[in-house]
Each structure stands twice: as C-alpha cells, then as structure tokens.
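The values are calculated or read from the model by the stated rules, or taken from the named source; none is laboratory data. This structure is a prediction, so every number in the text was calculated from the model and none was measured. For neighbour counting, all protein chains shown are included, and Cβ atoms are generated from backbone atoms with ideal geometry for every residue, glycine included. These area figures cover heavy atoms from the full protein model, side chains too; ligands, DNA and RNA do not enter into them. Shrake-Rupley method; radii C 1.70, N 1.55, O 1.52, S 1.80 Å.
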Amino acid sequence: VGIFALISSLFATQGFNVIGSLGTLILACYIGYLFQIFVVYGGILTACKMSFKSFLINVRSVMAMAFATRSSNSTLPVSISTCEDKLGIDRAVSGFTLPLGAQVNMDGEAYYQILAVFFVANATGVVLTPAHQLLMILAVTLGSIGTAGIAGSGPVVLLAVMNMVGLPAEAGSAAAAAFALILGIDVILDMGRTTANVTGDLVGTCVVAKSENMMDYSAWDNYKK
Ligand code: ASP
C-alpha cells in the first residue's frame, strides 16, 4: 500500500516519462544478468572443460524455481538434489558450497545494486565521480554478501549502499522518490537477479566438485537417455 501511494503521486506529477526510465532500468538489469549467466558462467564452465549446454539443460528446473520464488534459500533443496541426481556431484561438496553460496554469492544482486544506484543518481541529478564509483564497487561487494537469500531483500541493502555513496533516501527527498520507483518494480528485477545468484552457486559447486574429483561427469549426459 505504501509503495502504491508513493508511486501514484510520482505518476500524477511526472506522468508516463517515469515508465521509460523504469523500462530502461529493467532492460539494463536483464542484460547484466544474461551477460553473467551466458558469458561469465558459460566461460568459467567451458574453461573448466564442462559443457555449458548440458549444464543449462540439467539445471533448468532450479533456474525456473529461483525465477518463480525469488529466493535463493527456498531454491536450496532443489539445487542440492539437482546437483546430486543430475550433475553427479557428491553431497559432501554441494551440502557445503550451496548453502554458503545462497548466503554470500549474489552476482545478480551486484548488477542490480550498481544499476539501481546509477538510476537514483540520474533521477536526482547527482553526478557520480570516479571516487564515488570506486566506493560503490566496495559497497556493492559488501552489500551483495550481506543480502539475505530471500525474496525482496535487495532493496533493503540498496538503502545502505545509497547511504554509503551519499544518496540517502531521507523522507521527502528526490532519492527517496526514486527508490520508491525501484521498489515498485522490484519483483521483476528480483526474479532475474535470483536466477543469476542461484546459477552462480551451481557453477561454483561444479567447479569445486570437479577440482576435488567429487563429480561423476557422465551423469550430465543422462538427459539424452
Ligand atoms: N532474492 C534474492 C535471492 O534470494 C536476494 C535479493 O533480493 O536480491 O537471491
């Protein structure tokens, strides 16, 4: 109700201009998530001599679950069973790396926070200097580690990051209005970032399992049988 009230007043005063910038933010975030999944994770798996295509086919239900629930923690049971049943990974590895990843490994979250801070800075006319941008990298790295793996926790940490880079969302300020706009579309952004977060945990688990010889790589081809 609070978000609805904040957004209504913004739409009433600024009209449909706001939709364009929100659309750009959504597009930019999804380009980032897709880049992370296909280029970064795909590259890591390929460099470690694992098939990215088989990986995607085997983990698609985990990715769908992350997209639908928007929670790394809720997806954890499916991630653990998929690692065991479809990726042939020893539970001794996945039982350690996946809960750890669900807590601290939030790559999608990092994209979201950086882009959201730029959105707020643009909306409020603040220019982020190179020094601000360096501070942002530190704040976002720590912020993404500190984000809980539950639906909608990103904006809570975003508030802290905004404070650190000098864009506090004080009541009635332009930064608070821009933050409210982001809150209104957070469900859409959260679906993608949670999918990227969870995929990253799975990729990390595969790399650790392979390096420790605790993976039956032949299981990856079971989907063909
Ligand atoms: N929903 C995300 C996750 O569970 C956290 C976030 O809100 O950014 O991974």
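For segment 94-102, putting each phi into the Karplus relation 6.51 cos²θ - 1.76 cosθ + 1.60 with θ = phi - 60° gives couplings of 5, x, 9, 6, 5, x, 5, x, 4 Hz, in residue order, rounded to whole numbers and with x for Gly and Pro.
Restricting things to alpha carbons, find the Rg to Rh ratio for the chain using the Kirkwood radius for Rh.
Working: Rg = 19.0 Å, Rh = 18.4 Å.
Here the Rg-to-Rh quotient is 1.03.
Angle, helix 2-14 long axis vs. longest principal axis of the chain, Cα atoms, 0 to 90°, nearest 10? It is inclined by approximately 60 degrees.
Go through 107-114, 37-44 and give me the packing order, highest mean Cβ count within 10 Å leading.
Working: 107-114: 25.5, 37-44: 15.8.
Packing proxy ranking, top to bottom: 107-114, 37-44.
In this structure the amide hydrogen of Ile89, modeled in the peptide plane, comes within under 5 Å of the amide hydrogens of Glu84, Asp216, none closer than 5 places in sequence on its chain. So what is the relative contact order of the chain, in percent, for Cα pairs below 8 Å that sit 6 or more residues apart? Once divided by the residue count of the chain, the mean separation gives 34 percent.
Against the longest principal axis of the chain, how steep is helix 52-69, in degrees 0 to 90 to the nearest 10, with axes from Cα atoms? Rounded to the nearest ten degrees, it is 50.
What dipole magnitude, in Debye to the nearest 20, does the chain give about its Cα centre under +1 on Lys/Arg Cβ and -1 on Asp/Glu Cβ?
Values: 10 positive and 12 negative charges, 91 e Å.
In debye, rounded to 20, the chain gives about 440.
Taking 0.36 nm per residue of sequence separation and removing the Cα-Cα distance, the Phe118/Asp90 pair yields an extension gain of 5.9 nm.
Excluding ligands, DNA and RNA, the accessible surface per residue across segment 72-186 is 42 Å² with a 1.4 Å probe. Evaluating 6.51 cos²θ - 1.76 cosθ + 1.60 at θ = phi - 60° for every residue in segment 130-137, the Karplus couplings come out as x, 5, 4, 5, 5, 4, 4, 4 Hz, glycine and proline recorded as x. For segment 166-181, 3J(HN,Hα) computed residue by residue from phi via the Karplus equation (6.51, -1.76, 1.60; θ = phi - 60°) reads x, 10, x, 8, 6, 3, x, 7, 5, 5, 5, 5, 5, 4, 4, 4 Hz, glycine and proline entered as x.
Provide, for the chain, the number of lysine pairs with alpha carbons under 13 Å apart, each pair being eight or more places apart or on different chains. The result is 4.
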